[in-house]
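Notes follow the structure.
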Amino acid sequence: MNKREYKQRRNSLMKHLGKNSIAIIPTASEKTRNRDSHFPFRPDSDFVYLTGFKEPESVAVLIPGRKNAQYVLFCRENDKIMEIWNGRRVGLEGAKADYNVEEVYPIDMLDEVLPQLLENRERVFYSIGNDESFDKRLIEWVNKVRLKARAGIVAPQEFISLDHLVHEMRLFKSPAEIRTMRKAANIASEAHIKAMQACKPGMREHAVEAEISHTFTKHGCPPAYTSIVGGGENACILHYNENDAELEDGHLLLIDAGAEQDCYASDITRTFPVNGKFSTEQKIIYEIVLKAQLAAIKKVKPGNHWNQPHEAAVRELTKGLIEIGLLKGDSKKLIENEAYKTFYMHRTGHWLGMDVHDVGDYKINGKWRPLKPGMVLTIEPGLYIAAGTKGVAKKWWDIGVRIEDDVLVTEDGYDVLSKKAPKTVEEIEKIMA
Ligand code: GLY
Ligand code: MN
Ligand code: MN
């Protein structure tokens, strides 16, 4: 992403904020893992979206119409000793030179400077509830301004969540964002292929996960979320992530894993036989899910609404379940009664972007929102037949299948960003042979 794009985003947001407003956007705080070890730092998505700045301990402030500087950043100062111990810092000069920052302060001056920036601003835009300690500090800063009333200084009167404005912007991806997401999907596709090629009966789930992690790391990507690598019965646990069981001959393996490229997620699921060959029952279930997935993807086009892909998937899954005798009765009634939920208990997708379950409303004025070019969503139907499911013959037990792709809405339809990950029975068996 180039500097100009971040500047355009800030300008476009500032237009929406209007005069006499101020927006305060802190990045994420560092999280302790245990004792004095930290989780790898991941900046806040809204903050990166507006600044491109990825260091911890930073706060961006946007003040539309302010003389001299409308974009103010608080960040860490250069510090020789700290940089020897903990790594390089952009520093104050670097922030101005490389990030288009117009006015910059050391993060240690936040309590001193922010109340001054709040003076005589009518509206504060801020995402409340993400960080309790930051929420409290904001209240203290506002109270500090209130104490100056007799000096004729006015404190802000309105507090508005910044979420909606920024999240609507994030929902529509620019060409540069789409390029990044395509790259993330390509890397994840390569990882899924490596996993298929490495998988053998007797391996443990985490040994196959290593192929995924190795590919991500080789490309400099962290995982966008904790990878799910579940064989046999574990494929029927939707958020399984122990990833430590032995993979058995004759079982399926479900892998839900996506790379994060430059703070943009991919989210791909593939399901394949541990021994490289689908059994008759596995193939039957797999083909039903694939048919449902393709039918749902076909519904991705401008003008169709958000729920149409889900409705198409449910229709195909229900039809398939009736054909093999796992559901009995009239398909319309079964859909109405949500009978499919015994085997398909989640929805067919979600927005995808900087966050894996990305931001953006799904309904507008109570109605499913229409799809528009630039939106990216996942399409991920599945069927999960846990052992012991009432009324289900044993031959179907422990078959869990999900197929998930990342799909861009284009001017006239869709583009599957994750198309490089093999998906048909033939493609998968060939790659595993
Ligand atoms: N990997 C999370 C999801 O598929 O929604
Ligand atoms: Mn997903
Ligand atoms: Mn997923």
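Tally up the carbon and sulfur contribution to the accessible surface of the stretch 44-190 as a whole percent, 1.4 Å probe, everything protein left in place.
Summing carbon and sulfur atoms, their accessible area is 50 percent of the total for the stretch 44-190.
Distance in nm between label sites at residue 102 and residue 81, each 7 Å beyond Cα in the beta-carbon direction?
Label-label distance for residue 102 and residue 81, simple model: 3.7 nm.
Please compute the per residue accessible area over the stretch 1-44 with all protein chains in place, 1.4 Å probe, rounded to a whole number of Å².
Accessible area per residue: 66 Å².
Report the one residue of 116, 12, 49 whose Cα lies farthest in the direction of the positive end of the charge dipole of the chain (charges on C-beta: Lys and Arg +1, Asp and Glu -1; origin at the Cα centre).
Going by the charge dipole, the pick is 12.
Explain nothing, just the number: relative contact order of the stretch 34-84, from Cα pairs under 8 Å at least 6 residues apart, as a whole percent.
Contact order relative to length: 24 percent.
Express the carbon and sulfur contribution to the solvent-accessible surface of the stretch 338-430 as a percent, rounded to the nearest whole number, probe 1.4 angstrom.
Carbon and sulfur together cover 53 percent of it.
Could you tell me which of the pairs 291/367; 332/420; 299/332; 298/430; 218/430 are separated by over 29 angstrom between their Cα atoms in the structure shown?
Violating the 29 Å Cα-Cα cut-off are 332/420.
Excluding ligands, DNA and RNA, what is the solvent-accessible area per residue of the stretch 289-433 at a probe of 1.4 Å, expressed in Å²?
46
Just the accessible area per residue of the stretch 104-263, please: how many Å² with a 1.4 Å probe?
For the stretch 104-263, the solvent-accessible area averages 48 Å² per residue.
Nearest 20 debye, what's the magnitude of the dipole of the stretch 54-155 about its Cα centre given +1 on Lys and Arg Cβ and -1 on Asp and Glu Cβ?
That gives the stretch 54-155 a dipole magnitude of about 420 debye.
List the aspartates and glutamates whose alpha-carbon lies under 12 Å from that of residue 19, not counting same-chain residues fewer than 8 positions away?
In chain and number order, the partners are 122.
Have a look at 310, 403, 206 and report the one farthest towards the positive end of the charge dipole of the chain, computed about the Cα centre with Cβ charges (Lys/Arg +1, Asp/Glu -1).
310
If each DSSP helix of 4+ residues adds -39,500 (n - 2.57) and the sum is divided by the residues in the chain, what number results at 222 nm, nearest 500 deg cm²/dmol?
-11500 deg cm²/dmol
If the convex hull of the alpha-carbon atoms of the stretch 83-219 is projected onto planes in all directions, what is the mean projected area in square nanometres?
14.0
Could you give each residue of the stretch 362-368 its phi-based ³J(HN,Hα) in whole Hz, using Karplus coefficients 6.51, -1.76, 1.60 with θ = phi - 60°, and x for Gly or Pro?
So the J values, rounded to whole Hz, are 9, 10, 10, 6, x, 10, 3.
Of the accessible area of the stretch 194-265, with the probe set at 1.4 angstrom, what percent is carbon plus sulfur?
With neighbouring chains kept in place, the figure for the stretch 194-265 is 48 percent.
If the only charges are +1 at each Lys and Arg Cβ and -1 at each Asp and Glu Cβ, what is the size of the charge dipole of the chain around the Cα centre, to the nearest 20 debye?
Here the size comes out at about 1200 debye.
Can you work out the base-10 log of I(q)/I(0) for the stretch 142-216 at q = 0.16, 0.18 1/Å, using the Debye formula on its C-alpha atoms alone?
-0.76, -0.83
Hydropathy first: keep DSSP H helices in the chain averaging at least -0.5 on Kyte-Doolittle, then drop any whose Cα extent along the axis falls short of 30 Å, and list what survives.
Helices meeting the criterion: 175-198.
The values are calculated or read from the model by the stated rules, or taken from the named source; none is laboratory data. All figures in this text were calculated on a predicted structure; none of them were measured in a lab. Please note: Cβ atoms are built from the backbone with ideal geometry, for glycine as well, and neighbour counts cover all protein chains shown. Please note that ligands, DNA and RNA were not included when accessible areas were found on the heavy atoms of the full protein model with its side chains. Shrake-Rupley method; radii C 1.70, N 1.55, O 1.52, S 1.80 Å.
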